[in-house]
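Please read the structure below before turning to the comments.
The values are calculated or read from the model by the stated rules, or taken from the named source; none is laboratory data. Keep in mind the model is a prediction, meaning the values are calculated, not measured. No Cβ is skipped: glycine too gets one built from the backbone with ideal geometry, and neighbour counts run over all protein chains shown. Each accessible area value is taken on the protein alone, full model and side chains, heavy atoms only, with ligands, DNA and RNA left out. Shrake-Rupley method; radii C 1.70, N 1.55, O 1.52, S 1.80 Å.
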Amino acid sequence: MLQPLYQVDAFTDRPFAGNPAAVCPLTAWLPAETMQAIAAENNLAETAFFVPKTGNEYEIRWFTPAVEVELCGHATLASAHVLYRHLNFQGPEIVFHSTSGPLRVSQGPEGRLTLDFPARPPQPLSTHPDGLLDGLRATPLSILAGPDLVCLFASEAEVRALHPDMSHLAKVEYRAVIATAPGTDGIDFVSRFFGPRVGVPEDPVTGSAHTTLVPYWAERLNKTTFHARQVSARGGDLWCELRGDRVLMSGYAVTYLKGEIELGAA
């Protein structure tokens, strides 16, 4: 059995930047253990699988090399890119049905894609979770909690300088730890994302993290539109908007490879 496979760099307009995701378009679901094995073999932050429903609607699931996750932005962006760029999707909007609800993706001028995701505002924490400070090797100004921990720092330079101990961060009982700070030179805020607990030591560009970051920065900066940058080694840019209880995130994607995988022994 030959299965089409695409690798796409998401939240970037050039190869070798942004966040690489594998995308497997399916006609019917494979067993979960097979999809997990494919994701482990790909060894990327996420592998997305989708199957068609009707019209412009698809079901989508995402796997890290270690676990299935409930929401992933960059692999959803990559999946939409595959549909528009390689599978001749012609509609104005794609609807991906997921465990986090319906996720809409539209294509704008010059191929920029916009994700419509649920907002997940964080709440302040009064204590440091076990392992956090040893893991970050730094002390944030404040800590908030949503699906992930959000650690606020005073400057972009501090976020860029972080060199975490992943063995300690893996013990923090949240999906991941996000470090964030005000940006510079026209960037509203910057971030980094550390997820060793789910098999992703540092994610290059994380759409799902911005469902928490955007509501936080909207309240702090008293605005609803942002140019955000994830300052990992690869780096990536997102144009974001808080619209009620939804977060819109726009970005580009480029194809790195197209191929097939053999599943005869799966």
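Reported count of residues in region 1-44, each being out of contact with any Lys or Arg (no Cβ under 9 Å at 6 or more places or on another chain), open to solvent by 20 Å² or more (accessible area, probe 1.4 Å) and closer than 22 Å to Gly195 by Cβ, is 8.
Restricting to region 129-143, what's the tally of residues that are surrounded by fewer than 20 Cβ atoms within 10 Å (Cβ to Cβ) and in contact with a strand residue (DSSP E or B) (Cβ under 6 Å, 6 or more places away or on another chain)?
2
Just one of the numbered conditions (1) assigned to a strand (DSSP E or B); (2) without any contact (Cβ under 8 Å) to a residue 60 or more places away in the chain; (3) open to solvent by less than 20 Å² (accessible area, probe 1.4 Å) is not true of Pro102: (3). Residues of region 178-194 that are open to solvent by 40 Å² or more (accessible area, probe 1.4 Å) and either of a type in the set (D, E, K, R) or under 13 Å from the mean Cα position of the chain (by Cα) (or both): Asp185 alone.
In region 45-57, which residue that is in contact with a strand residue (DSSP E or B) (Cβ under 7 Å, 6 or more places away or on another chain) and surrounded by fewer than 23 Cβ atoms within 10 Å (Cβ to Cβ) is farthest from Gly91 (Cα to Cα)?
Across region 45-57, the extreme among qualifying residues is Val51.
Would you tally the residues in region 116-143 being within 30 Å of Met166 (Cα to Cα), within 19 Å of the chain's Cα centre (by Cα) and not in a loop (DSSP other than H, G, I, E, B)? Total meeting the criteria: 2. A single member of Arg197, Arg160 is open to solvent by 50 Å² or more (accessible area, probe 1.4 Å), outside any loop (DSSP other than H, G, I, E, B) and closer than 15 Å to Ala228 by Cβ, and it is Arg160.
Any chance region 115-123 includes a residue that's out of contact with any helix residue (DSSP H, G or I) (no Cβ under 7 Å at 6 or more places or on another chain), in contact (Cβ under 8 Å) with a residue 40 or more places away in the chain, over 25 Å from Glu260 (Cα atoms) and surrounded by fewer than 23 Cβ atoms within 10 Å (Cβ to Cβ)? Yes, the conditions are met somewhere in region 115-123.
Pairing residues of region 7-35 that are modelled with pLDDT of 95 or more with residues that are open to solvent by 60 Å² or more (accessible area, probe 1.4 Å) and among the aliphatic types (A, V, I, L, M), at Cβ distances under 9 Å and at least 6 apart in sequence or on separate chains, gives Gln7/Leu257; Val8/Leu257; Pro25/Leu87; Leu30/Ala266; Pro31/Ala266; Glu33/Ala266; Thr34/Ala266.
Screening Leu149 on (1) open to solvent by 30 Å² or more (accessible area, probe 1.4 Å); (2) under 17 Å from Val214 (Cβ atoms) shows it passes everything except condition (1).
Checked against the criteria, Leu238 counts as in a strand (DSSP E or B) and open to solvent by less than 20 Å² (accessible area, probe 1.4 Å).
For residues that are touching an Asp or Glu at 6+ places or on another chain (Cβ under 7 Å) and either part of a helix (DSSP H, G or I) or buried (at least 24 other Cβ atoms within 10 Å of the Cβ) (or both), tally how many sit in region 200-226.
4
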